[in-house]
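The values are calculated or read from the model by the stated rules, or taken from the named source; none is laboratory data. The shown structure was predicted, so the numbers you read here are calculated from the model rather than taken from an experiment. Cβ: placed from backbone, ideal geometry, glycine included. Neighbour counts: every protein chain shown. Accessible surface areas use protein heavy atoms only, side chains included; no ligands, DNA or RNA. Shrake-Rupley method; radii C 1.70, N 1.55, O 1.52, S 1.80 Å.
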Amino acid sequence: MLGHVSITDTGNDRDARATGLAALAGLVADETRAVCLLALLDGRAWTAGELARHAGVAPSTLSEHLGKLVGGGLLAEERQGRHRYVRLADTRVAQLLEDLAAQVAPRRADRPRTLRAASAGSAMARGRTCYDHLAGRLGIAVTDALTAHGLLSTASEPEGLTGPKGPKGLEEPKGLEGAEGLEGPEGATGGGTGAVAEAGPHASGPTAPASGERATGFLLTDAGLRWFEGSGIALDRATRRPLARACLDWTERRPHLAGAAGAALCRHALDAGWCVRIGSERAVKVTVAGERALAELLGIEARALR
């Protein structure tokens, strides 16, 4: 990522880094390019024409902007026939954009002026994808539930030391080993009814972060690893990205779960029909099947997802 911008070069220390940082900032500083980058946080590839209409500019103007973003390493492009598709280069670009967007406080002038815009904004705040993981109130509800049941822990100590303690009165969920064959909502593979109850407040002792995890805001505990496996949610353990990472939610102003675990959970939610995309942006809606699954697996009440 950002190889052309060279933000990690240290050949001439301060000068090289300053030049690269200025170049990177310049790529994001243009409002049309910023609109395109934020749109691509939905994790999908867009055609140049779609982005031009979304940004409200002429195709020729948009093409020039895309050339700069591709050349700067923020976007990757693919061509299929007459169509030119672009997407964010990788997860690190998505993380950079979401972190920057979270620093922008809404202004009074930014409030929606039409009912349609207000509805779209409400849907985005309720639930959306943040590149490849869940965000908004949905993402926060899932993150809070994972934390409350000792499956996710807050990283507060340096790597190599004893991990932070989990919630008091919780222990690792029992009975999830071998639960892969249990049926979840509408045939989706899940951990079965009662998975949360067995991880509930009747046990004692902290949960430990999964071995090898590094401090990234969140740590997936050993119990969390088993929960993902028992719930039929495949984790990519070979990836170089952290299993769990905290991503500051720009609508809730609190961190939600990102990283490989966040991506796996989002992918499973969409594939299993727990969530469906709505509208033309990143908004997602939890289905009835999703409400049932999240209640069974994490004890999340349906009203928190609406």
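Numbers for the structure displayed
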| quantity | calculated |
| --- | --- |
| Residue within the stretch 274-297 that is surrounded by fewer than 18 Cβ atoms within 10 Å (Cβ to Cβ), among the β-branched types (Val, Ile, Thr) and at pLDDT below 85 present | no |
| Any pair with Cβ under 7 angstrom, 6 or more apart, that starts in the stretch 122-136 at a residue that is within 20 Å of Leu88 (Cα to Cα) and open to solvent by less than 10 Å² (accessible area, probe 1.4 Å) and ends at one that is polar (S, T, N, Q) and in a strand (DSSP E or B) | Ala135/Thr129 |
| Qualifying positions in the stretch 33-64 - open to solvent by 50 Å² or more (accessible area, probe 1.4 Å), closer than 24 Å to Leu270 by Cα and among the charged types (D, E, K, R) | Arg44, Glu50 |
| Wholly enclosed strands (runs of 3 or more DSSP E) of the stretch 182-258 bearing at least 2 residues among the small types (Gly, Ala, Ser) and modelled with pLDDT of 90 or more | none |
| Close pairs (7 angstrom Cβ cut-off, 6 or more residues apart or separate chains): more than 15 Å from Gly43 (Cα to Cα) and in contact (Cβ under 8 Å) with a residue 24 or more places away in the chain in the stretch 274-295, among the basic types (Lys, Arg) and open to solvent by 50 Å² or more (accessible area, probe 1.4 Å) anywhere | Cys275/Lys285 |
| Residue match in the stretch 81-88 (condition: aliphatic (A, V, I, L, M), surrounded by 14 or more Cβ atoms within 10 Å (Cβ to Cβ), farther than 26 Å from Arg240 by Cα and modelled with pLDDT under 95) | no |
| Thr61 vs. criteria at pLDDT 80 or above and under 25 Å from Ala260 (Cβ atoms) | no |
| The stretch 219-230 residues that are under 19 Å from Pro255 (Cβ atoms), paired with ones that are acidic (Asp, Glu) and open to solvent by 10 Å² or more (accessible area, probe 1.4 Å) (beta carbon under 7 Å, 6 or more apart) | Leu219/Glu213; Leu220/Glu213 |
| When residues of the stretch 89-110 are limited to those that are part of a helix (DSSP H, G or I), surrounded by fewer than 15 Cβ atoms within 10 Å (Cβ to Cβ) and not hydrophobic (A, V, I, L, M, F, W, C), the one modelled with the highest pLDDT | Arg92 |
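Listed here are the residues, each with its yes/no results for (1) over 29 Å from Gln103 (Cα atoms); (2) open to solvent by less than 40 Å² (accessible area, probe 1.4 Å).
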| residue | (1), (2) |
| --- | --- |
| Ile233 | yes, yes |
| Arg237 | yes, no |
| Arg241 | no, no |
| Thr251 | no, no |
| Ala264 | no, yes |
